[in-house]
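What follows draws every value from the coordinates through simple rules; no lab data is involved. Note that this is a predicted model, so its numbers are computed, not measured. With ideal geometry, Cβ positions are generated from the backbone for all residues, glycine too; neighbour counts draw on all protein chains shown.
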Amino acid sequence: MAYTLGIDIGTYETKGVLVDTNGVIHAQAARGHKMLVPQPGWAEHRPEEDWWGDFVFVAKALLADSGVDPSEIKAVACSAIGPCMLPVDENGAPLMNGVLYGVDGRAEAEVRELTDRIGEDTIIARCGNALTSQSVGPKILWLKRHRPDLFARTAHILTSTSFLVQRLTGEVVIDHYTAANFSPLYDVATQTWIDDLADDIVPLDKLPRLLWSNEVAGTITPAAAAETGLAVGTPVTAGTIDAAAEAFSVGVDQPGDMMMMYGSTIFIILRAQTQVADPRIWYAPWLFEGEHASMAGLATSGTLTHWFRDQLAPDLDPATAFPKLAEEAATSPPGANGLLMLPYFSGERTPIHDVNAKGAIFGLNLTHTRGDMYRALIEGIAHGTRHVTDTFAELGQSPARLLAVGGGTKNALWLQATSDITGIDQIVCEKTTGASYGDAFMAALAVGLVERADINQWNPVQQTITAHPTDTYDRAHALFRKLYEQTKDIAADLGAL
């Protein structure tokens with residue numbers, strides 16, 4: 001029997017699977033870590049401990065639990081949160097913590113400056129995306145300006161996945177899907193690095209070599225084998241961002257397929273027929289040459305449920321708190337007895353791209369319960385999600401089918417509220433393992449063990465969540481949109497205090 005191994009680094013947890021060529025999972029392993037918030041608006045990981053350390057731990061656990069000989073593992077693929085920004089020296093050693101994706105808004109000034117200098121229309125035309133907190137280019141410029149000593153020592157700018165691949169193979173590479181988030185340094189038409197829009201950010205030779213996600217980047221080095229237990233010479237793919245691997249894990253492969261990932265954030269990927277250029281959403285080449293994807297994401301989703309549990313339900317056992325909170329929320333009717341929550345606890349990404357947006361629980365009175373507030377939180381995330389799906393619809397990009405994935409799919413209240421508020425049915429596949437399962441499939445694909453269509457046999461459909469739209473939710477959504485518009489200036493002023 002041949003096996004492949006997939007490992008994914010998430011915002012709060014690393015997960016891995018060991019899978020055979022029929023898609024059967026022979027071992028699973030996980031390890032938690034923290035997102036560091038050194039100051040408001042910043043978000044970081046420790047690359048040695050949280051990325052490489054977790055990879056080593058999970059890889060060893062998968063080998064130990066499965067009893068599989070490392071030589072039987074025919075390929076390895078990894079994914080990770082992204083896009084991140086990590087400067088490394090000539091030996092590949094990190095020079096600072098990894099700066100995370102759009103939840104980190106430290107480069108707001110650089111985003112504004114570059115947009116003003118280059119022009120938003122030009123950036124979208126060349127790069128496919130407006131500059132936002134999700135863009136890596138402004139964060140590199142932030143590094144150059146605010147940490148000049150580190151920038152002077154920087155040999156390469158990596159992201160989370162490319163850091164893992166470099167540790168495993170010695171190769172400095174990045175997949176095109178991830179690279180498209182490096183605006184204004186990536187041209188979507190030529191699919192190459194560029195510096196003609198802004199030649200003062202970083203020399204292009206400091207950026208990784210571009211590959212497609214189904215390409216092999218290199219093989220396990222003796223040093224990596226000694227640390228991980230994997231066999232020397234095992235092929236390693238270029239990898240990708242976790243959300244893309246998660247989408248592929250549930251069969252997002254045809255134009256019109258959309259993934260909704262319920263994780264620390266809501267992340268949405270539409271396998272698009274053509275490039276869609278609009279400042280409210282993101283674009284990237286898909287995992288394979290000649291294909292396209294449109295993306296969107298909220299800044300805080302599952303993260304909010306953790307915040308609520310820790311701050312407003314300290315009396316509950318953390319191990320059983322979420323089911324208990326869901327029971328309490330189920331006693332509250334749709335609309336949460338007149339409560340609205342803005343879920344912008346770390347600013348917001350799509351479609352408003354507002355790093356100054358703030359969270360709010362609005363409409364409280366003395367009759368409201370914790371269950372009402374938890375329901376309002378779930379519905380607030382769902383309203384934020386509808387804002388995104390409505391934006392896709394305005395662009396003529398409504399999904400042909402929507403596939404839900406991620407840990408949040410275990411929360412029936414969240415799933416149903418999302419379908420009811422967006423008005424879209426959701427498909428849940430048999431395995432909600434997520435990105436690591438998609439990684440294992442991509443590893444098998446890269447070395448010719450499977451065909452793309454085999455993912456439907458690996459992970460068949462299990463259930464469909466049917467939408468039941470209501471007038472209550474339509475009215476609440478209009479108020480949700482109005483609440484943000486009428487308070488965004490106050491939120492921005494609060495941030496300046």
222 nm mean residue ellipticity, helices alone, for the chain (DSSP H n ≥ 4; -39,500 (n - 2.57); rounded to 500): -10500 deg cm²/dmol
Amide hydrogen neighbours beyond the local backbone of ASP195, cut-off 5 Å, H modeled: none
Equivalent-ellipsoid semi-axes of the range 356-421, from the Cα gyration tensor, Å, largest first: 26, 16, 10
Added length on full extension, which subtracts the Cα-Cα distance from 0.36 nm per residue, GLN457 to ALA231: 78.5 nm
Karplus (6.51, -1.76, 1.60) ³J(HN,Hα), θ = phi - 60°, over the range 13-22, in Hz, Gly and Pro reported as x: 7, 9, 10, x, 9, 10, 10, 8, 6, 9
Selection from GLY384, GLY406, LEU287, by position along the positive dipole direction of the chain (Cβ): GLY384
Exposure proxy order (Cβ contacts within 10 Å, fewest to most) of VAL24, VAL37, VAL428: VAL24, VAL37, VAL428
For the range 176-254 and the range 134-161, distance of Cα centres in Å: 17
Nearest-20 debye value, the range 82-228 charge dipole, Cβ charges on Lys, Arg, Asp, Glu: 320
Gain upon complete extension [HIS26, LEU316; 0.36 nm per residue less C-alpha separation]: 101.0 nm
FRET E, pair GLU49, GLN273, Förster distance 51 Å, beta-carbon r, rounded to 0.05: 0.75
Pairwise label distance in nanometres, ASP205 with HIS306, each label 7 Å out on the Cα-Cβ vector: 4.1
The range 3-243 pair-distance distribution - Cα-Cα, 10 Å bins, rounded %: 8, 33, 34, 18, 6, 0
Where labels lie 7 Å past Cα in the beta-carbon direction, separation of LEU364 and ARG145 in nm: 3.7
Cα centroid separation - the range 465-497 against the range 1-19, whole Å: 37
Helical segments meeting 30 Å axial Cα length and Kyte-Doolittle -0.5 threshold in the chain (DSSP H): 370-394
Residue order, fewest to most beta carbons within 10 Å, for CYS127, CYS78: CYS127, CYS78
Quarter of the Cα convex hull surface for the chain, i.e. its orientation-mean projected area (nm²): 21.7
Efficiency of FRET between GLU120 and PHE288 - r from beta-carbon atoms, R0 25 angstrom, step 0.05: 0.30
For VAL450, residues with placed amide H under 5 Å, excluding near neighbours: LEU445
Amide H partners (placed H, <5 Å) of ALA27, local residues excluded: LEU18
Cα-centred dipole magnitude for the chain, charges only on beta-carbon of K, R (+1) and D, E (-1), debye, nearest 20: 620
Computed E for ALA189/SER398 - FRET, C-beta separation, R0 30 angstrom, nearest 0.05: 0.70
Fully extended contour minus Cα-Cα distance, from ALA155 to LEU479, at 0.36 nm per residue: 111.7 nm
